[in-house]
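See structure below.
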Amino acid sequence: MVKKIIVTGGAGYIGSHTVVQLVESGYEPIIIDNFSNAEHRVMDRLETITGRRTKLYEGDCTDEDFMRRVIEKEGDIGGVIHFAAYKAVGESVQKPLAYYKNNVDSLLVLLELMKQYNINNFVFSSSCTVYGQPDQLPVTEDTPKKPAESPYGNTKQICEEIIEDFVASVDDFKAVSLRYFNPIGAHPSSLIGELPLGVPSNLVPFVTQTAAGLREKLTVFGEDYNTPDGTCIRDYIHVVDLAKAHVKAVDFIQNSGGTTLNELFNLGTGKGNSVLEVIKTFEKVTGEKLNFEIGPRRSGDVEQVYASVDKSNKILGWTAELDLGQALKDAWNWQKTL
Ligand code: WQD
């Protein structure tokens with residue numbers, strides 16, 4: 001088993017949790033990050049958690065010369081996990097060109113260099129946003145993609161198609177795209193977690209910041225949806241479970257026979273929870289009272305989406321083990337350290 005794995009965006013939220021799991025599974029992660037959405041202190045925290053200093057190359061994945069230098073310096077690279085991307089749905093509507101350039105160019109640079117240097121194992125960070133509002137639930141990997149609701153979602157669809165065309169064009173390349181549902185929570189050590197820049201657009205960091213007194217109150221974006229309590233339903237998955245799935249994906253590629261592969265996997269719990277259920281569960285597991293009000297719907301929100309995880313269970317041998325309550329407790333413990 002070749003152990004050296006490049007992790008682009010490895011200092012970020014999901015990337016850093018994945019680095020921990022890679023080390024604990026005997027791999028040697030190499031982080032590439034430009035710290036546009038991560039803090040340098042994560043490197044020290046990773047050393048505390050894993051007991052070793054993860055090698056870091058600070059730079060931008062769209063910079064071909066920089067990426068080439070890293071690959072040439074490191075030599076025997078077994079594979080790449082590509083997290084580095086901009087991921088804020090709302091921001092992508094304001095800055096579409098930045099999102100297309102960063103999210104698509106970084107993939108093009110990476111695939112080109114992997115081809116040149118014969119690095120043939122690739123895990124791509126994709127998203128359930130490719131499904132839009134599914135016609136049937138839970139949503140399976142062969143559910144047709146819907147037109148993206150945002151430039152961000154479109155970059156993920158475009159990247160999946162680029163990977164598909166690339167794999168078909170070469171003889172020897174194995175790719176796995178992981179479609180995340182809603183990642184939440186933090187490492188149980190509370191040493192790493194989500195660091196939203198500015199006002200959080202995602203629900204759980206807004207909940208924890210409200211409970212911490214950083215936000216005056218949480219607004220629930222609509223309670224007139226066609227769901228049991230009227231609020232939107234999502235599949236909230238603990239970031240540690242999500243990280244473990246990436247190691248399973250690397251293992252799956254390493255152990256797969258043949259020379260070509262392109263598989264897609266949903267990474268969720270298979271269970272949907274509403275916004276009000278998240279709030280009630282947060283209050284229950286933390287003992288905190290959350291100040292919230294019901295407000296108007298947020299444009300672009302889908303009513304409900306949650307994953308069928310049969311394929312991930314069967315083929316990756318992976319299933320989420322941590323529940324919503326544990327994720328919210330870990331998110332709260334992390335928030336209290338900030
Ligand atoms: C969840 C629910 C909101 C904030 C995100 C990412 C997307 C993808 C999936 C990565 C919705 C409601 C939120 C608030 C609220 N991840 N909400 N008040 O929209 O499902 O998508 O996860 O690829 O990129 O954006 O997550 O956390 O923003 O919203 O009521 O202050 O919480 O309406 O129903 P979303 P979210």
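Quick look at the values:
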read-out: Residue match in region 113-125 (condition: within 13 Å of the ligand (Cβ to nearest atom) and in contact (Cβ under 8 Å) with a residue 40 or more places away in the chain); value: yes
read-out: Options Leu191, Leu197, Leu242, Leu261: the member that is surrounded by fewer than 22 Cβ atoms within 10 Å (Cβ to Cβ) and within 30 Å of Asn118 (Cβ to Cβ); value: Leu261
read-out: Region 207-232 - residue that is of a type in the set (A, V, I, L, M) and part of a loop (DSSP other than H, G, I, E, B) and, of those, farthest from Arg297 (Cα to Cα); value: Ala212
read-out: Members of region 93-110 that are under 23 Å from Val123 (Cα atoms), within 15 Å of the ligand (Cβ to nearest atom) and touching a Pro at 6+ places or on another chain (Cβ under 8 Å); value: Tyr99
read-out: Residues of region 173-216 satisfying the condition of being within 12 Å of Asn333 (Cα to Cα), within 11 Å of the ligand (Cβ to nearest atom) and in contact with a Lys or Arg (Cβ under 8 Å, 6 or more places away or on another chain); value: Gln209
read-out: Output for region 225-250, where each listed residue is aliphatic (A, V, I, L, M) and either away from the ligand (no atom under 14 Å from the Cβ) or under 12 Å from the mean Cα position of the chain (by Cα) (or both); value: Ile237, Val239, Val240, Leu242, Ala243, Ala245, Val247, Ala249, Val250
read-out: Meets criteria (within 16 Å of the ligand (Cβ to nearest atom) and either part of a loop (DSSP other than H, G, I, E, B) or among the aromatic types (Phe, Trp, Tyr) (or both)) for Glu141; value: yes
read-out: Some residue of region 64-75 being within 19 Å of the chain's Cα centre (by Cα), within 18 Å of Val7 (Cβ to Cβ) and either surrounded by fewer than 20 Cβ atoms within 10 Å (Cβ to Cβ) or among the basic types (Lys, Arg) (or both); value: no
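Quick note: the coordinates plus some simple rules give every number you see, no bench work behind them. The shown structure was predicted, so the numbers you read here are calculated from the model rather than taken from an experiment. Cβ: placed from backbone, ideal geometry, glycine included. Neighbour counts: every protein chain shown.
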